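Here is the structure we will look at, set down as structure tokens.
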Amino acid sequence: MQKGKQIYEGKAKILYETDDPDLLIQEFKDDATAFDATKRGTILNKGIINNKLSEKLFILLTDKGIPTHFVKRLNDREMLVKKVQIVPVEVTIRNIVAGGMAKLLGLEEGIVLKEPVLEYHYKEDKLHDPLINEYHIRALGIATDKELDTIKKYSFMVNEALKAFFNSKGLTLVDFKLEFGRYKNKIILADEISPDTCRLWDKDTNEKLDKDRFRRDLGGVEEAYQEVLRRVLE
Ligand code: 5GP
């Protein structure tokens with residue numbers, strides 16, 4: 001696969017064209033940002049860890065019937081993915097109260113929700129990814145009814161699959177963020193699945209093993225990411 005020109009650089013990843021117009025190379029960086037990129041840093045080897053974790057988790061989800069943009073991992077930091085048109089909505093699923101939900105509703109972190117909560121956030125850093133609902137999405141033509149139904153269905157399927165998988169590795173899946181894209185008129189899962197995009201707590205101690213260690217200056221950030229990779233691959 002021939003690597004072509006860079007077409008996008010985000011906070012954690014770079015996308016390159018390939019000689020196939022339907023495929024891109026997604027490179028994972030060690031750069032870390034938080035709070036709309038007002039906090040910046042580096043997590044040593046994060047790119048390698050997130051590439052390998054995303055590979056494993058995308059394969060698991062494909063096996064569960066959820067289509068994803070993942071094609072294959074190329075090397076330590078790069079994977080081949082399908083070129084999608086990203087739907088500018090971040091889908092968050094929460095099983096336990098933390099982060100944004102704790103702040104929004106003035107709740108203690110750690111409350112186990114009676115059922116998973118699905119949120120949509122409009123993907124726009126300048127506006128701090130504001131919380132929106134299905135009416136905004138439909139009324140503004142961000143996605144169609146049919147696309148939203150598919151996005152919702154896949155998001156809950158991802159939650160069930162990842163909750164069970166992480167649980168079997170001694171990890172509690174607190175919440176996570178997904179991004180979807182359009183590929184040949186179908187909705188597929190895109191972006192990445194990693195401790196950058198999921199909150200993962202040790203099942204026994206509730207120790208945080210995700211990007212909150214970076215966001216909140218808890219130390220041991222690289223070690224936490226390594227620990228998640230070790231458990232996921234064992
Ligand atoms: P919260 O809304 O509580 O900040 O985030 C909920 C979940 O989605 C967390 O697991 C968080 O890591 C993930 N998430 C939400 N927004 C973003 C984002 O812009 N970038 C990344 N990497 N993860 C996000």
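Taking 25 Å as R0, compute the FRET efficiency from the Cβ-Cβ separation of Lys186 and Lys64 and round it to 0.05. Could you put the intermediate results ahead of the total?
Numbers: r = 17 Å, r/R0 = 0.67.
It comes out at approximately 0.90.
Obtain the nm distance between the two label points defined at Lys3 and Leu44 by a simple spin-label model: each point lies 7 Å from its Cα along the Cα-to-C-beta direction.
2.3
Taking the chain as a Gaussian network, Cα atoms linked when under 10 Å apart, which of Leu113, Leu23, Leu53 shows the biggest mean-square fluctuation?
Leu113
In nm, give the distance between the simple-model label positions of Glu234 and Asp145, each being 7 Å from the Cα along the Cα-to-Cβ direction.
4.9
Starting from the Cα-Cα distance between Asn75 and Arg138, subtract it from 0.36 nm times their residue separation and give me the gain in nm to one decimal. Could the numbers behind the result be given before it?
On the way: separation 63, 0.36 × 63 = 22.68 nm, distance 3.94 nm.
Result: 18.7 nm gained on full extension.
Taking all pairs of distinct Cα atoms, average 1/r, flip it, and tell me the Kirkwood hydrodynamic radius of the chain in Å to one decimal place.
Details: mean 1/r = 0.0551 Å⁻¹.
The Cα-based Kirkwood calculation yields 18.2 Å.
Using 7 Å Cα-to-Cβ label points, what is the Asp19/Asp204 separation (nm, one decimal)?
Result for the modelled spin labels: 5.2 nm.
Between Val117 and Ala102, 0.36 nm times their residue separation minus their Cα-Cα distance comes to what? The partial results should precede the final answer.
Details: separation 15, 0.36 × 15 = 5.40 nm, distance 1.26 nm.
Separation in residues times 0.36 nm, less the Cα-Cα distance, equals 4.1 nm.
Pull out the extension gain between Ile86 and Asp217, defined as 0.36 nm times the separation in residues minus the alpha carbon to alpha carbon distance; nm, one decimal. If you can, show how the numbers build up before the last one.
On the way: separation 131, 0.36 × 131 = 47.16 nm, distance 3.13 nm.
Once the chain is fully extended between Ile86 and Asp217, it gains 44.0 nm.
Once you've got the GNM for the chain with C-alpha springs shorter than 10 Å, pick whichever of Thr33, Thr144, Thr68 has the biggest mean-square fluctuation.
Sorting by GNM fluctuation, first place goes to Thr144.
Given the options Glu108, Glu78, Glu27, which has the most mean-square fluctuation in a GNM of the chain, springs set between C-alpha atoms less than 10 angstrom apart?
In this elastic network of the chain, the residue with the biggest mean-square fluctuation among Glu108, Glu78, Glu27 is Glu108.
Rule-based calculations on the coordinates, nothing more; no lab input. Since the structure is predicted, the reported quantities are computational estimates derived from the model, not experimental observations. We place every Cβ from the backbone using ideal geometry, glycine too, and count neighbours over all the protein chains shown.
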